[in-house]
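Asks: Sharing a structure below in C-alpha cells format, with a few things to ask.
What follows is calculated from the coordinates using simple rules that are stated; it is not laboratory data. Keep in mind it's a predicted model, so treat the numbers as computed, not measured.
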Amino acid sequence: LLQLYQPLNFFGFIYSEIRQALIDMDNMFDLLSLAREVEDRPGATTLRVAHGEVSFEGVGFGYDARRPILDNISFTIPAGKTVAVVGASGAGKSTLSRLLFRFYDVSEGVITVDGQDIRGVSQESLHRAIGIVPQDTVLFNDTLRYNIGYGNTAATDEDIERAARLAHIHDFIKSLPDGYETRVGERGLKLSGGEKQRVAIARTVLKNPAILVYDEATSALDTQTEREIQAHLSEVSRDHTTLIIAHRLSTIVDADQIIVLEDGAIAERGRHGELLAQDGRYAAMWRHQRREEQTVD
Ligand code: ATP
C-alpha cells in the first residue's frame, strides 16, 4: 500500500503545486486586471515621465461599440495634484482608471501622460509609472513581506518596512507572532478589508510611481478605518499625481478638483466648496451622504 501511496502522494504534491501556481497566476491577472485587450504598437517608445501630468482629451469609450460608456471626457491632473471622480454606480468612474492603465484603448480622443499619447508607449513603461490601489486587493498565498515587496525585486527589508510604516500597517504586522513572515491569502491569515488596502498602499509606496490611482472600496469599511486610510493616503499621495475614484465624499473634500460623472459625461466640476455653493448634483449627493452618516453614527 505504501508503494501505491507514495506516488499518489507525489502526484498530490505536484497537483497542489500546479494549483497554487495557477492561483498565483490568476491572482496576478486579477491584481493587474490584465484584460490583454491591447498590444504594444510596433516601435512603441518608453514613456518619459517628467512631472507626471495626466490629461484626458475628448475621451469616448464603450466596452461594446453599441453601448457608449464615456462621452467626451476632458480633464487634466496637473503634476502632483489630486483629481477625484464621483458619481452613481455604473457612471463610468472605474472605467477611467482602466483606460489610463490602458487595459482598453479609447474609441475617441486621447489620454496623455506628460504630453505622450499612451497608445504610443510600451505598456511596461506605462505600468511602471502608475500605481493602482484597487477596490479589492487580491493577496498572494505568501508572506506579508512578499505581498508588499511584490513587483519590486530590488526592495530590501528596510524598504519594505519603511513602506509598511507609511501605510500604517507596520505595527499591526509586528504584533503578529510571525511578523513579516506571516502567510496571508486564502490559505493563510485572513486580513480585513482595511488591512488589505493598507498592504496595497504599502506595495504602491514601495513602487513609488509618479501617478497614483486609488479606487476606493465600495464595500463600506467602518468609518474609523476609512478615516485612517484616507489620512494615510493623503500622506502617500503628496507629491504624486493622484486620481481617486471615490464612493464616499468625505474622502475627497481636499481634492484639487472633483469631477461629477453622470451617465458617462461630466456633469459638474470644481472644488468641494465651489460645488456645494453651486447647489447642484454634488451638493445633493453631499447632503444625502451626511444624512446617511448621521443615521449610522
Ligand atoms: P461603481 O461605482 O459601481 O464601481 P463605476 O462608476 O465605477 O461604478 P464602471 O465600473 O466604470 O462604473 O462601469 C461603467 C459601466 O460599464 C457599467 O454599466 C458596467 O456595467 C459597464 N462595464 C464595466 N466593465 C465592463 C466590462 N468589462 N465589459 C462590459 N461592460 C462593462
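Asks: Can you list the HN-Hα couplings for the range 181-191, worked out from phi with the Karplus curve (6.51, -1.76, 1.60; θ = phi - 60°), rounded to whole Hz and with x for Gly and Pro?
Replies: Running phi through 6.51 cos²θ - 1.76 cosθ + 1.60 with θ = phi - 60° gives 8, 4, 7, 10, x, 3, 9, x, 5, 8, 9 Hz.
Asks: To continue, here is another question. Please list, in order along the range 258-269, the HN-Hα scalar couplings obtained from phi with the Karplus expression 6.51 cos²θ - 1.76 cosθ + 1.60 (θ = phi - 60°), rounded to whole Hz, x for Gly and Pro.
Replies: Once θ is set to phi - 60°, the couplings for the range 258-269 become 10, 10, 9, 8, 9, 6, x, 10, 7, 8, 8, 8 Hz.
Asks: List the residues, sorted by chain then number, that are 5 or more residues from residue 212 or on another chain and whose placed amide H is less than 5 Å from its amide H.
Replies: 131, 241, 242, 243
Asks: For residue 262, what residues show an amide H to amide H distance below 5 Å, using hydrogens built from the backbone and excluding near sequence neighbours?
Replies: 267
Asks: May I ask you to evaluate 6.51 cos²θ - 1.76 cosθ + 1.60, the Karplus curve with θ = phi - 60°, for each residue of the range 78-90 and list the ³J(HN,Hα) values in order in whole Hz, giving x for glycine and proline?
Replies: Coupling constants for the range 78-90: x, 3, x, 9, 10, 10, 10, 10, 10, x, 4, 4, x Hz.
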